[in-house]
Amino acid sequence: MSNDDNSHNKNKPLNEKPLIAGNKTVKDVTDDISSLVERVPGLKWLMMIGGAKALLLFYLCVLTAIIGIGMGLMGVNHPVGWGTDIVTFVFWVGIGHAGTLISAVLYLFRQKWRTSIARSAEAMTVFAVATAGIFPIIHTGRPWLAFWLFPYPNQRGPLWVNFRSPLIWDVFAISTYATVSIVFWYVGMVPDFATLRDRAKRDSKKISNAIFGALSLGWRGSTRDWSHYEMTYLILAALSTPLVLSVHSIVSFDFAVAQLPGWHTTIFPPYFVAGAIFSGFAMVVTLMTLIRIAVPVFKDYITLDHMELMNKIIMTTGMLVGYAYASEFFIAWYSGSQYEGYAFINRAFGPYWWSYWTMVSCNVLIPQIFWIKKMRRCIPVMFVVSIFVNIGMWFERYVITVTSLHRDFLPANWGLFDMTFYDFGALVGSFGMFFTLFLLYIQAIPAVSIAEVKPVLNTGKEGGH
Amino acid sequence: MSNNKGGVMGIFTDEHTILTAAEKTRLKGFKDFDAITPYPIHGMEEAVGVKRSWIPWVTLIAGAAGCLFGLWFTWWTSAVSWPINVGGKPMWSLPAFIPIIFELTILFAALASVKVMIFVALGLPKVDPPVVDLDLTSHKFGLFVSERDGMYNAREVQAWMQELGAEAVHEVGEY
């Protein structure tokens, strides 16, 4: 049973509260989490995936049109040559970063509360990066030549890629990030697949046994196995931590290395990383709220305490992002450069003022509601705030990309950017892809790490450790 | 771990019992034995007498290899194989290559660590591994003493397991 609002635990410090509610035994954990994978999907899940798949089909149609007919369908033109594709790419990559933060950085800091949400956060990373990866490829205009982005021996010289370009750094950063995230995610799942394999064998389900048997690689769980396994997991966490920081720094270099006012800023790498964590945690809250609705048993694993901690991180990183907005303005004035100064005045009061103020309200003002404890612990409030943060963070990338490009040094070079139906279609449709993948994951893979939750089961209980 | 050799396995139902059982078994003088647990138990490595994992050495070597490969590759492609003047920058522009070198370091280190862990250290994948108790990946714990251990005597080990508080004791033909 869920004891979410367990009042006598409410005011205890975190390390004295049970991380998992409902007084579960080790066997209960196995049964709870495995049974979700083993059962026939429920009506709520079917309805959700129905909607997500419809959106995915729409997305595929939009992409087919853009690839088949051409990039002219989208709004990018002179002078705004980077539009929805780049904005949405940065948005989705940023979403992914909170997953790595939860699974790797919090692991290094030995934050035990991460165990309940780490698997889903890592899944979110993998799917967000997959969704993101499509956009720059579409943006190239000739996606069928995307393999040219990689330096491979070829018969054109061989002609190599230009390693001095931030765009190539991006190719390496994103593909390394995707690879390491998938490997990290899979390594974490191996012992759980072994659990599912043995349950399938017990119930003599041949197909499940074969699938989970192959996925578990024949895992056995001896002390020697665990010793190497835990060391590798620690190493992957330690490698993912600088990796995740490098990825969004490199994404920010795509802008910061250019000389355009509004892009040419040294604050970009930390500012982008803070924004990525901010938007990613908001997406985790959105997804966890939905998981708690779709699968009520997870309320015992993903408790209000978990949600509250994430809301605190959202508020903190929201203020970090707000600080970056302010310091950008300060530096624009302090630099004495008229172009830099104009770029920022134009952002806030030019033709795109609405996007700037949407960004500020969603990212800086709205999360301030989390100063109030009641609001941090209120599911409907945090759901709405997390949606606003996601909207705000999409607009942040819109502001950076579009408002900087639309008026540069020469007034003769000025112009406006309008999103077409295909821009909106690609943006909205990408959510269909993301949610379809995430819903399939919820049904097919244990959404909470069975082997990681068991050791923290007694945390915060009487006589526990 | 002794692969595909027989022995005796005791099944335990409690985390603390298995931990003390492993400790006692080691102190009694057994060497070729191991605990099978559904999740990592704090202190079990010391109790069984497992040495610290050597995987970090793999990470170090592979990371260094990735770093050197990145350094060589960016230099060779940009300055040797087909030098192209891009914006008047030097052919070998090391600072601009650092992001590539860094990513390759991480990629090599991570993939090599995982591959070596799975294929070498753990000896996986195993098709249809022998099963003693299906609950060993759920909520039960096993203590396995291999017949290759110098002190092994099937009957004595079985009695020892009972003494340690095993719920069940199995003689295993192959594990």
Report, to the nearest 10°, how far helix A:115-139 tilts away from the longest principal axis of the Cα atoms in chain A, using its own Cα long axis and a range of 0 to 90°. 30
Ordered by fewest other Cβ atoms within 10 Å, a rough proxy for footprinting exposure, A:Ile369, A:Ile69, A:Ile235, A:Ile379 read A:Ile69, A:Ile379, A:Ile369, A:Ile235
Spread of Cα-to-Cα distances over 10 Å intervals beginning at zero, given as percent, for the stretch A:134-271: 10, 25, 24, 20, 15, 5, 0
Taking 0.36 nm per residue of separation and subtracting the Cα-Cα distance, what length does fully extending A:Asn77 through A:Trp357 add? 98.3 nm
Quick one: in chain B, what % of C-alpha pairs are over 19 Å apart? 67
So, R0 is 30 Å and r is the distance between the beta-carbons of A:Ile345 and A:Val428; what FRET efficiency does that work out to, to 0.05? 0.40
At a Cα cut-off below 19 Å, give the lysines reachable from A:Lys112, other chains included and same-chain residues fewer than 8 away excluded. A:Lys10, A:Lys12, A:Lys17, A:Lys24, A:Lys299, A:Lys312, A:Lys454, A:Lys461
A:Lys205: which aspartates and glutamates have alpha carbons under 14 Å from its alpha carbon, excluding same-chain residues fewer than 8 sequence positions away? A:Glu38
Quick check for you: which residues of the stretch A:113-136 have the amide N under 12 Å from the point 7 Å beyond the Cα of A:Ile67 toward its beta carbon? A:134-135
Work out the mean other chain Cβ neighbour count within 10 Å for the residues of B:113-123 and drop it here as an integer. 6
Label-to-label distance, nm, for residues given as A:Ala326 and A:Thr25 (7 Å Cα→Cβ offset): 5.5
Averaged over peptide A:145-151, how many Cβ atoms belonging to another chain are found within 10 Å of each residue's Cβ? 1
Averaged over B:49-58, number of beta-carbon atoms from partner chains that fall within 10 Å: 4
Cα pair distances of the stretch A:204-284 binned at 10 Å [whole percent]: 15, 24, 21, 20, 13, 6, 0
How much net charge surrounds A:Asn209 when only other residues with a Cβ under 11 Å from its Cβ are counted (Lys, Arg +1; Asp, Glu -1)? +3
Take the cross-link list A:Lys27/B:Lys31; A:Lys53/A:Lys201; A:Lys44/A:Lys206; A:Lys27/B:Lys5; A:Lys201/B:Lys126; A:Lys27/B:Lys24 and give me the ones stretching past 22 Å between alpha-carbons. A:Lys27/B:Lys31; A:Lys53/A:Lys201; A:Lys44/A:Lys206; A:Lys27/B:Lys5; A:Lys27/B:Lys24
Suppose we take every Cα in the stretch B:35-99 and form the convex hull; what volume per residue is that in Å³? 139
Per-peptide average of other Cβ atoms within 10 Å, ordering A:309-322, A:122-135, A:193-206, A:40-53 highest first: A:122-135, A:309-322, A:193-206, A:40-53
For the stretch B:108-175, convex hull of alpha carbons as volume per residue, Å³: 138
Using Stokes-Einstein with the Kirkwood hydrodynamic radius over Cα pairs, what translational diffusion coefficient do you get for the stretch A:318-448 at 37 °C and a viscosity of 0.692 mPa s, in µm²/s rounded to a whole number? 189
At 4 °C and a viscosity of 1.567 mPa s, what translational diffusion coefficient does Stokes-Einstein give for the protein assembly as shown, taking Rh as the Kirkwood radius over Cα pairs? Give it in µm²/s as a whole number. 48
Normalise the Debye intensity by I(0) for the stretch B:57-128, one equal point scatterer per Cα, no solvent, then take log10 at q = 0.25, 0.27 Å⁻¹ and round to two decimals. -1.00, -1.08
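Where a number appears in this text, it was derived from the coordinates with a stated rule and is not lab data. Keep in mind that this is a model prediction, so the values were computed, not measured. Cβ coordinates were reconstructed from backbone atoms using ideal geometry, including for glycine residues, and neighbour counts include every protein chain displayed.
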